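Inspection log for the structure reproduced underneath, given as structure tokens.
The values are calculated or read from the model by the stated rules, or taken from the named source; none is laboratory data. Quick caveat: nothing in here was measured; it's all calculated off a predicted structure. Cβ: placed from backbone, ideal geometry, glycine included. Neighbour counts: every protein chain shown.
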Amino acid sequence: MYFSRTSIKTKTDMNSSYQNSLRVFVALITFALLVPTASGQVATAQEPAPAAQAESDSHMEWWRDARYGMFIHWGLYSVAGGEWKGKDYGKEQGGASAEWLMNSAKIPGKEYRETLTPQFNPTEFDAKQWVTTAKEAGMKYMVITSKHHDGFCLFATKATDYNVVENTPFKRDIIKELSEECAKQDIKFGVYYSQFKDWYHRNRGRGVKGTLSNKEYLALVEKNLDELLSNYGEMSVLWFDTGGNDVIEADRQGARVRELQPNAVICSRLYSRKVPKDKQKYADFESLPDRMLPAKRMTVDTETCMTMRHNWGYDRNDDHWKSEKDIIEFLALCGARGVNLLLNVGPNPEGKLLPEETERLAAVGKWMQVNGDSIYGTTCSPVDFDFWWGAMTQKDQTVYCHVLEWKAGSIEFNGLIGQPGKAYFVHDAEKKALPISYNDGSHVTKIAVPAEAPDVRNTVIAVEYRDPIKADPNAKGKYHWYTNRRIRHTEIKTNKNAGKIKLPPAVKSAR
Ligand code: GLC
């Protein structure tokens, strides 16, 4: 697996020894890099031992710079919205996420298909509007579920008639419309494809048969991949999911991607997490477990995907929306850990993004218009900890302090050696200098700030250095924004009654 350090382009002590290696093969970082802690989160190893990788990784450049993309979960399950026969199976009930309905409610494939395909008629779907929303949100790429675990294809395929064009009143190739619109608007386009789990075509286990033998199923995947990789122009991301342990099978799929779309970026979920990292030959980036903020800086190309509420797919009853501050904070913290954020939307059965989604996306987009320099093209924090007020990203000789909790008077940090040349608010077009003081002994830098936070969600202060940024190897600090404050970003309470609760009539009528 050719993991590359996201911090390759930075100039800190931490990584200066790696600067010459364009592609870093982290053969020795096994899953130890992502050691699950007692709380189920992962911690990253401090300093991986890299080995040079000859092959160029230029296809990763755009992805590293992009930092922020849109994930879309949309399919037959969106019609059901987490409910089946008057019961709610959604994540907000502590069950599986809404797109898992077929499995959660134990629905036979035939019944699921026959019930939902005639209802899939999203007449309000407008590719232009979705792509514009992503663009205005400041997102640089889009990944949509072309086939999720329910086996239904959102694109024209000759491999199965269980697809949007042949089997629904809608008849339109959604992947085609979105890929063309993304190309127009200069947004990188990619597909999620559930290559391993397919509850419709493949045997589900526990005696539940699929429509195909295993051999036939693998042929379907091959055909589907050929279609997705040949019929939709440039495919920038192949976002595989829940991979199995069969490395030969996964490698064959990965090799096909490389062959047909050499510039596509491939998600590590092509492989099961149990497959050692050095055997994940075609994985370009590590996909963290769902909704995860890593404990520390990641030293390999990494992405995390996050829901705006509990469910990925549309759910009629989930109102656990994250606030725009939550999202802006999470984006900054991901940046500080060197992680891309793929933020999810779950459009409704009519084909519309929800108002709660578009409002939040627009707000984050406005923030990005002003503060984008502190996210795009940046790498992880130069120091191996957070600060009580927030965390840092960096680019060239500038450090960006993402101040998530304000303190009247001054924002201070340790860990960086040297007097900065200048500090200013990123939102200030005039870049008016903020007073700086620096203590040579403690390496503490203080920036004088006004009493009120200019932006309570996240005020970004750029701190420019005259020389390459120099981290203090002896500096001490904590990952405050992991230990104390991650809960509201990542934790979802479980409820053992999921799927057993009858829906109150008021909820049902609110459709
Ligand atoms: C999980 C789930 C799936 C969801 C995905 C998003 O693997 O199986 O429903 O699509 O994560 O990351």
Breaking point among (1) within 16 Å of the ligand (Cβ to nearest atom); (2) touching an Asp or Glu at 6+ places or on another chain (Cβ under 6 Å), for K352: (1)
Considering residues of the stretch 286-301 that are among the charged types (D, E, K, R) and over 15 Å from D384 (Cβ atoms) only, the residue surrounded by the fewest Cβ atoms within 10 Å (Cβ to Cβ): D290
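Please verify whether N231 is in the same structural domain as Y89 (by TED's automatic domain parsing), at pLDDT below 95 and over 13 Å from the mean Cα position of the chain (by Cα), treating the condition exactly as stated. Full working, then the answer.
On the way: in the same structural domain as Y89 (by TED's automatic domain parsing): yes; at pLDDT below 95: no; over 13 Å from the mean Cα position of the chain (by Cα): yes.
No; evaluated as a whole, the condition is false for this residue.
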Failed item in (1) in contact (Cβ under 8 Å) with a residue 24 or more places away in the chain; (2) closer than 25 Å to M142 by Cα; (3) among the hydrophobic types (A, V, I, L, M, F, W, C), with L218 passing the rest: (2)
Residue check for F155: under 24 Å from L270 (Cα atoms), outside any loop (DSSP other than H, G, I, E, B), assigned by TED's automatic domain parsing to the domain that holds G233 and more than 16 Å from the ligand (Cβ to nearest atom): no
Residue in the stretch 337-347 that is crowded, with 23+ Cβ neighbours inside 10 Å, among the small types (G, A, S) and either closer than 21 Å to R64 by Cβ or within 16 Å of the ligand (Cβ to nearest atom) (or both) present: yes
Residue in the stretch 274-285 that is part of a loop (DSSP other than H, G, I, E, B), surrounded by 22 or more Cβ atoms within 10 Å (Cβ to Cβ) and within 14 Å of the ligand (Cβ to nearest atom) present: no
Residues (surrounded by fewer than 17 Cβ atoms within 10 Å (Cβ to Cβ), within 16 Å of the ligand (Cβ to nearest atom) and of a type in the set (V, I, T)) located in the stretch 238-273: T242
Residue list for the stretch 312-326, restricted to those being crowded, with 24+ Cβ neighbours inside 10 Å and either within 24 Å of F285 (Cβ to Cβ) or of a type in the set (V, I, T) (or both): W312, G313
Sole residue being modelled with pLDDT of 95 or more and in contact with a Ser or Thr (Cβ under 6 Å, 6 or more places away or on another chain), chosen from T393, T398: T393
Residues being more than 16 Å from the ligand (Cβ to nearest atom), surrounded by fewer than 20 Cβ atoms within 10 Å (Cβ to Cβ) and in a helix (DSSP H, G or I) - total across the stretch 90-132: 9
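Examine the stretch 204-222 for a residue that is part of a loop (DSSP other than H, G, I, E, B), of a type in the set (K, R) and within 16 Å of the ligand (Cβ to nearest atom), and state whether such a residue exists. Quick ask: steps written out before the conclusion?
Of the residues in the stretch 204-222, the ones part of a loop (DSSP other than H, G, I, E, B) are 204, 206-207, 209-213.
Now restrict to residues that are of a type in the set (K, R): 204, 206, 209.
The next check asks that each one be within 16 Å of the ligand (Cβ to nearest atom); those that pass are 204.
Yes, the stretch 204-222 contains at least one residue that is part of a loop (DSSP other than H, G, I, E, B), of a type in the set (K, R) and within 16 Å of the ligand (Cβ to nearest atom).
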